[in-house]
Amino acid sequence: MDKQGFTTGIVHGDRNTGVEHGGLRQPIHTSVQYGFERVEDLIGVFQGTKKGGFNYARQGTPTTAALERKITNLEEGVGSICFSTGMAAITAVFLTLLRAGDHLVASRYVFGNTNSLFNTLRTLGVEVTTVDAGVRDNVADAIKPNTRMVFVETIANPGTQIPDLLGIGELCGERGLAYVVDNTITSPALFRPKHVGASLVINSLTKTIAGHGAALGGAVTDTGLFDWSRYPNIAEDYRRSASKEQGLLQIRKKGLRDMGAALSSEQAHQIALGAETLALRVAKCSDNALALANYLERHDAIGNVFYPGLESHPQHGIAKALFKSGSWLLSFELRNADRMVDVINALQLPVKATGLGDTRTLIIPVAPTIFFEAGEQTRKAMGISDGMIRLSAGIEEIDDLISDFEQALKLA
Ligand SMILES: *Cc1c(COP(=O)(O)O)cnc(C)c1O
């Protein structure tokens with residue numbers, strides 16, 4: 001069959017790989033151990049000569065492998081590895097591909113826990129420089145002889161800044177650097193980082209790919225664009241594989257097997273189920289987010305509204321050129337930050353909760369919660385004001401959301 005469309009591929013993918021009894025989706029394999037008739041096959045799985053075999057669930061199960069194929073197809077990659085969380089995926093990439101004395105250049109505007117992880121990397125002897133990645137030259141100027149990797153997110157949370165994704169991809173290509181793009185906020189439904197030259201793509205499956213706030217998971221996908229045979233930190237053991245496989249092989253062995261943050265089959269099943277409606281949900285969430293952004297931008301009580309779909313957004317041009325829509329992530333500022341608690345409490349529909357990419361609209365004041373530990377200085381450097389509110393648009397009817405805001409903002 002010709003290459004299928006996005007959702008067609010997801011909903012028919014499992015059965016086309018031949019599920020027993022004609023099942024339409026992959027079963028949940030709960031076995032931890034896998035037995036073999038012939039010991040040669042067990043040996044082959046250990047040595048990697050028997051492809052597609054399983055030996056112990058910490059390194060994968062048929063259910064997680066099916067999800068990995070799904071993510072690989074969505075990202076147009078050559079392979080993926082699933083983890084128990086998005087943070088586990090990010091940690092595995094950094095800890096298996098960077099060594100003491102190496103240098104990582106990263107966007108200044110990244111997920112709070114990723115930013116916190118940079119500090120852990122520094123204690124391990126990895127240099128980390130964070131820059132405003134909206135300008136390619138800021139990244140170029142930070143590159144040193146020991147730079148190995150550049151890390152960015154597609155749309156930053158909560159400020160919605162967008163890096164010069166294409167420019168940085170070209171730069172990494174010219175300098176031979178691994179380019180790691182966290183695609184969580186956009187998801188492959190809106191954007192494929194491979195198209196801007198990414199080497200590895202990260203997705204927190206917890207967010208919009210699973211979509212229902214009922215499962216944690218993360219994934220790393222290799223786009224096949226990077227030549228790992230030229231990357232200095234691949235161990236001798238993994239150099240024997242084809243160049244394209246070396247990066248993921250090292251991440252699977254050192255990051256998944258040794259560090260152990262494996263995804264369970266039950267969670268993989270939940271995520272695969274959610275992923276079937278990814279494109280439909282993201283389209284609806286994006287429509288809602290854009291309508292809310294437009295409404296809020298015109299409201300007297302609101303200061304700045306940060307949403308890539310707005311013409312007022314500094315990187316609106318990049319968003320329009322690269323992303324199918326602006327995503328569900330939206331932030332705004334109350335002119336009077338003192339009214340923030342009352343306004344949020346008055347809202348009936350948006351759930352006062354952390355988390356992103358859910359079917360329900362979620363809302364959270366940024367400074368006293370997710371960026372509390374970061375401290376005032378970091379918040380200032382990241383452009384997070386005391387009155388900033390983050391909203392993850394759900395799939396509710398937009399009239400219900402707007403009338404709820406209409407009544408709550410009377411208190412602003
Ligand atoms: C949530 C998130 C993560 C971490 O994912 P978890 O599954 O919660 O560990 C990483 N990056 C971004 C951009 C996120 O929004």
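I'd like to know if segment 141-150 contains one or more residues that are crowded, with 23+ Cβ neighbours inside 10 Å, in contact (Cβ under 8 Å) with a residue 24 or more places away in the chain and of a type outside the set (Ser, Thr, Tyr). Spell out how you get there, then give the answer.
The initial filter retains those residues of segment 141-150 that are crowded, with 23+ Cβ neighbours inside 10 Å, namely 149-150.
Right, trim to in contact (Cβ under 8 Å) with a residue 24 or more places away in the chain and you get 149-150.
Then drop every residue that is not of a type outside the set (Ser, Thr, Tyr), which leaves 149-150.
Checking segment 141-150: at least one residue is crowded, with 23+ Cβ neighbours inside 10 Å, in contact (Cβ under 8 Å) with a residue 24 or more places away in the chain and of a type outside the set (Ser, Thr, Tyr).
Condition test on Ser187, is it within 13 Å of the ligand (Cβ to nearest atom), open to solvent by 10 Å² or more (accessible area, probe 1.4 Å) and modelled with pLDDT of 95 or more?
No: the conditions fail for Ser187.
Of the residues in segment 237-275, how many are surrounded by fewer than 17 Cβ atoms within 10 Å (Cβ to Cβ) and under 26 Å from Gly326 (Cα atoms)?
1
Which ones in segment 38-91 are in contact with a Ser or Thr (Cβ under 9 Å, 6 or more places away or on another chain) and among the small types (Gly, Ala, Ser)?
Once the filter is applied, which keeps residues that are in contact with a Ser or Thr (Cβ under 9 Å, 6 or more places away or on another chain) and among the small types (Gly, Ala, Ser), segment 38-91 yields Gly48, Ala57, Ala66, Gly77, Gly79, Ser80, Ser84, Gly86, Ala89.
Yes/no matrix, rows are residues, columns are (1) within 22 Å of Ala262 (Cα to Cα); (2) open to solvent by 80 Å² or more (accessible area, probe 1.4 Å); (3) not in a loop (DSSP other than H, G, I, E, B):
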position: Gln4; (1), (2), (3): no, no, no
position: His12; (1), (2), (3): no, no, yes
position: Gln26; (1), (2), (3): yes, no, no
position: Lys51; (1), (2), (3): yes, yes, no
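Among (1) in contact (Cβ under 8 Å) with a residue 40 or more places away in the chain; (2) touching a strand residue (DSSP E or B) at 6+ places or on another chain (Cβ under 6 Å), where does Ser241 come up short?
Against the list (1) in contact (Cβ under 8 Å) with a residue 40 or more places away in the chain; (2) touching a strand residue (DSSP E or B) at 6+ places or on another chain (Cβ under 6 Å), Ser241 comes up short only on (2).
Looking at segment 75-113 only, could you name the residues that are among the acidic types (Asp, Glu) and away from the ligand (no atom under 16 Å from the Cβ)?
Correct list: Glu76, Asp102.
Pairs, please: C-beta under 8 Å, at least 6 apart or cross-chain, first residue not assigned by TED's automatic domain parsing to the domain that holds Asn288 and hydroxyl-bearing (Ser, Thr, Tyr) and in segment 305-323, second open to solvent by 50 Å² or more (accessible area, probe 1.4 Å) and in a loop (DSSP other than H, G, I, E, B)?
none
Pick out the one residue from Phe372, Phe405 that is outside the structural domain of Gly211 (by TED's automatic domain parsing), among the aromatic types (Phe, Trp, Tyr) and open to solvent by 30 Å² or more (accessible area, probe 1.4 Å).
Only one candidate qualifies: Phe372.
Return the pairs, sorted by first residue and then second, in which the second residue is within 13 Å of the ligand (Cβ to nearest atom) and among the basic types (Lys, Arg), the first residue lies in segment 186-215 and is closer than 14 Å to Glu68 by Cα and assigned by TED's automatic domain parsing to the domain that holds Asp164, the beta carbons are less than 6 Å apart, and the residues are 6+ apart or on different chains.
Qualifying pairs under 6 Å: none.
For segment 375-389, name all the residues that are open to solvent by 40 Å² or more (accessible area, probe 1.4 Å), out of contact with any Lys or Arg (no Cβ under 9 Å at 6 or more places or on another chain) and touching a residue at least 24 places away in the same chain (Cβ under 8 Å).
Thr378, Gly383
So which residues in segment 372-386 are at pLDDT below 90 and either touching a Cys at 6+ places or on another chain (Cβ under 9 Å) or closer than 24 Å to Asn345 by Cα (or both), if there are any at all?
Of everything in segment 372-386, those that are at pLDDT below 90 and either touching a Cys at 6+ places or on another chain (Cβ under 9 Å) or closer than 24 Å to Asn345 by Cα (or both) turn out to be Glu373, Arg379.
Filter segment 288-343 for residues that are within 18 Å of Met388 (Cβ to Cβ), part of a helix (DSSP H, G or I) and not hydroxyl-bearing (Ser, Thr, Tyr) and give the result.
Scanning segment 288-343 gives Ala289, Leu292, Ala293, Leu296, Glu297, Ala337, Asp338, Arg339, Met340, Val341, Asp342, Val343.
Quick check on segment 57-67: of everything there that is more than 16 Å from the ligand (Cβ to nearest atom) and assigned to a helix (DSSP H, G or I), which residue is surrounded by the fewest Cβ atoms within 10 Å (Cβ to Cβ)? Let's see the steps before the verdict.
Here is the first cut: in segment 57-67, the ones more than 16 Å from the ligand (Cβ to nearest atom) are 57-63, 65-66.
Now narrow it down to the ones that are assigned to a helix (DSSP H, G or I): 57-59, 62-63, 65-66.
Working: Ala57: 20, Arg58: 14, Gln59: 16, Pro62: 17, Thr63: 25, Ala65: 19, Ala66: 22.
Taking the candidates together, the pick is Arg58.
The values are calculated or read from the model by the stated rules, or taken from the named source; none is laboratory data. Just so it is clear, the structure is predicted and the values come from calculations on it, not from any experiment. Cβ atoms come from the backbone with ideal geometry, glycine included; neighbour counts cover every protein chain shown. What goes into the accessible areas is simple: the full protein's heavy atoms, side chains included, and nothing from ligands, DNA or RNA. Shrake-Rupley method; radii C 1.70, N 1.55, O 1.52, S 1.80 Å.
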